[in-house]
1. Report, to the nearest 10°, how far helix 86-95 tilts away from the longest principal axis of the Cα atoms in the chain, using its own Cα long axis and a range of 0 to 90°.
2. Test of understanding: what is the full-extension gain from K105 to Q143, defined as 0.36 nm times their sequence separation minus their Cα-Cα distance?
3. For the pair R78 and Q32, how long in nm is the line joining their label points, each one 7 Å along Cα→Cβ?
4. When Lys and Arg each count +1 and Asp and Glu each count -1, what net charge do the other residues less than 11 Å away from Q98, Cβ to Cβ, add up to?
5. Here are a few candidate values for Cα extents along the principal axes in Å: (1) 43, 40, 33; (2) 60, 35, 27; (3) 80, 49, 29. Which one was actually calculated from the structure I just gave you?
6. Only Cα pairs under 8 Å and at least 6 apart count here; give the relative contact order of the chain as a rounded whole percent.
7. When the accessible area of the chain is split by element with a 1.4 Å probe, what percent falls to carbon and sulfur?
8. For helix 53-67, what angle does its Cα long axis make with the longest principal axis of the chain, in degrees from 0 to 90 and rounded to 10?
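The values are calculated or read from the model by the stated rules, or taken from the named source; none is laboratory data. Please read all numbers here as calculations on a predicted model, not as lab measurements. Cβ atoms come from the backbone with ideal geometry, glycine included; neighbour counts cover every protein chain shown. Note: areas computed on protein heavy atoms with side chains; ligands, DNA, RNA excluded. Shrake-Rupley method; radii C 1.70, N 1.55, O 1.52, S 1.80 Å.
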Amino acid sequence: MAYDPGMIQPKRKQPAAPEIETDLLRIQQLSQEHDDENWEFRSWLKQNAPDNIDGIVKALSQKYFSLVDCTQCANCCRSLQTEFKKSELHTIAKTLGQSMEAFEKQFMTEGMVNPPCPVLDGKLCSIYENRPEVCGSFPHLEQPGFTTRLIGVIDNVAICPIAFNAFEELKTKLGWLQGRHNRQH
């Protein structure tokens, strides 16, 4: 058959890009809507998580870290009250040209740094290369013992696009939503 420019060409299937949610207001809204579901999933995971749950969650975390640019979000830095190590607090205070006493008085409540983080500059960390350990590991999905940290994970789901998308995909990947649907009928 000769090529006919007027002939409609079949559309080639484009690989489907993963549908991810990055809108922070939508993530907060969906997290509230999914609150009961997330707590049910937490209970189910405590009893039924596969032996390789840490590996599954780590892979999901890495997937979403490759798709979400934290420097375009910084919601964790803007919204979380955080506990830093003393040495990290000294580094932050020094960066800001303050004594520890002045820093604690201005930025801390009961040993916790109040949001927004005082070294946040727009959506970028001004001490990124020396940022506190807790910041570098947020949203803590790649740490071992995932099922022992689920309360914190559920809290982070409402704040972080990476945590939100990874947690939602985990429900699907483990077949929980389908099993839940079948149990309700």
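1. So the helix axis and the longest Cα principal axis differ by about 80 degrees.
2. Numbers: separation 38, 0.36 × 38 = 13.68 nm, distance 3.23 nm.
Taking 0.36 nm per residue and subtracting the Cα distance, the gain is 10.4 nm.
3. 1.7 nm
4. Details: positive: K94, K105; negative: E101, E104.
With Lys, Arg at +1 and Asp, Glu at -1, the net is 0.
5. Recomputing Cα extents along the principal axes in Å here picks out (3).
6. Values: 141 pairs, mean separation 62.4, N = 185.
In percent, rounded to a whole number, it is 34.
7. Numbers: 6070 of 11930 Å².
Answer for the chain is 51 percent, counting heavy atoms of protein chains only.
8. Rounded to the nearest ten degrees, it is 90.
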